[in-house]
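This report concerns only the one structure given below.
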Amino acid sequence: MARKFLYVVAALIMFGVAGLFAYRLFGDQMMRFAFVPTSAFEAMPTLPGNAYGDAKMWIARPDKPGNPGLWTPAGYTPAAAPEAAVFFIHPTSYLVRTHWNAPLDDAEANNRAAFFTKGQASAFNEVGAIWAPRYRQAAFGAFLTDQPEATKAIDLAYRDVLLAFDQFLAQAGDRPIILAGHSQGSMHLVRLLHDRIAGTPLAKRIVAAYVIGWPVSRTADLPALGLPECTAADQAGCILSWQSYAEPADPSATFDRFDATTGLTGSPRKGSAVICTNPLTGTPDAKAPASANLGTLVPNADLSSATMTAHAIAARCDGRGILLIGEPVSMGGYALPGNNYHVYDYSLFWANVRADAARRLAAFKAAQ
């Protein structure tokens, strides 16, 4: 029996090594096969102009019962009377290949989006009331292909985001505004900054824009966004961005696709440096020890909750603008190939993001 057990273990190890080897050789092809939709693109109708007047269209809204944006880990509490209004665009939560865009009633995608809102947008609930819309997000596979259907899916999702933003503005009143997103949400946020903030009176109401988990070219994008990059920890009206990797880092999967695109200024993004804000310092291109980390949000095994661990993760900006955290750390098993800690861009620095938002809101108020 013991010998049979050892044979099974040896076989599993061999299969695991073979799988890893295959991924390294054919990783892109395997990912596309698993996630890129094979169905025709569905030209869904534009949502009615008042669609986001319905509370069901929001994951989080100040008046919504069970608002996941109000969650906090032990030792933290949301503000009783938040001064700012936060518009948060959640990352991709639709991971199947059935459709190019997530149906609004897809329970699995909605539950996963609520989970992301709970762990990410909650960092801002000490200073702001949180609005986080449901939207017909592009499927994960849309970001793995150059097929024209992918562009159509992304554009459809963005139209929903714009409708939600208009409703957010109507409900938020004249409060200072914090914009935040992650991954696909940050991609839409970049376009929103260009289309709705740059060159408008709204720009003067922006405390900060947290464009996390999506590259922003300093030369091909930033000049068209209407706000500068944050260069000081107590600066308001500016943009922060980072993408987290353990070492040795391989960001090629991100930059290969990024380099093939044109920025919002009309210039090519290829080879350009991207914004890298160190969330431990609130400044660009900086280095900080683990002692500067006020708290990492570490999920439990079943992802039902999380605990805070302080002084565990260091951070430094390097290369074209990636954020390095040192050796790989245990965060629940969702690190991506290349030591990409994209899933944990907020969690790794949750308490510092919280402090950063409070500091920038104070600077915004002092400047009024």
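Overview of values
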read-out	value
Rounded, prolate or oblate (a/c below 1.5 giving rounded, otherwise prolate when a/b exceeds b/c) for the stretch 217-368 by Cα gyration tensor	oblate
Separation between Cα centres of the stretch 192-210 and the stretch 55-124, rounded to whole Å	22
Accessible surface of the stretch 82-136 [probe 1.4 Å, protein heavy atoms]: carbon and sulfur percent	52
Farthest toward positive dipole pole in the stretch 154-291 [+1 Lys/Arg, -1 Asp/Glu at C-beta], among 278, 180, 288	180
Unit charges on C-beta of K, R, D, E only; dipole of the chain, Debye	160
Signed unit charges on C-beta, dipole axis of the chain, positive-most listed residue 367, 94, 80	80
Straight-distance crosslink candidates among lysines, where the alpha carbon sits under 27 Å from residue 270 and sequence neighbours closer than 8 are dropped	152, 287
Eligible lysines near residue 64 by straight Cα distance, threshold 24 Å, same-chain separation 8 or greater	56, 118
Farthest toward positive dipole pole in the stretch 265-343 [+1 Lys/Arg, -1 Asp/Glu at C-beta], among 307, 332, 267	267
Within the chain, percent of DSSP bridges classed antiparallel, to nearest 5	45
Solvent-accessible area per residue, Å², over the chain with all protein chains present [probe radius 1.4 Å]	44
Charge dipole (debye, nearest 20) of the stretch 56-123; +1 at Cβ of Lys and Arg, -1 at Cβ of Asp and Glu	80
Over the chain, relative contact order from alpha-carbon pairs under 8 Å, at least 6 apart, %	15
Under 5 Å, built H, 5+ apart or other chain: amide partners of residue 315	288
Centroid-to-centroid separation of the stretch 125-161 and the stretch 313-360 [C-alpha atoms, Å]	22
Gyration tensor verdict on the stretch 75-200 (Cα atoms; rounded if a/c is under 1.5, prolate if a/b is larger than b/c, oblate otherwise)	oblate
Length-normalised contact order for the stretch 105-246 - Cα pairs under 8 Å, 6+ apart - percent	17
Cysteines (scope the chain) whose Cβ has no counterpart Cys Cβ under 4.7 Å	none
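The values are calculated or read from the model by the stated rules, or taken from the named source; none is laboratory data. Every value quoted in this text rests on a predicted model; they were computed, and no experiment measured them. Cβ: placed from backbone, ideal geometry, glycine included. Neighbour counts: every protein chain shown. Accessible surface is based on the protein model in full, side chains and every heavy atom, while ligands, DNA and RNA are left aside. Shrake-Rupley method; radii C 1.70, N 1.55, O 1.52, S 1.80 Å.
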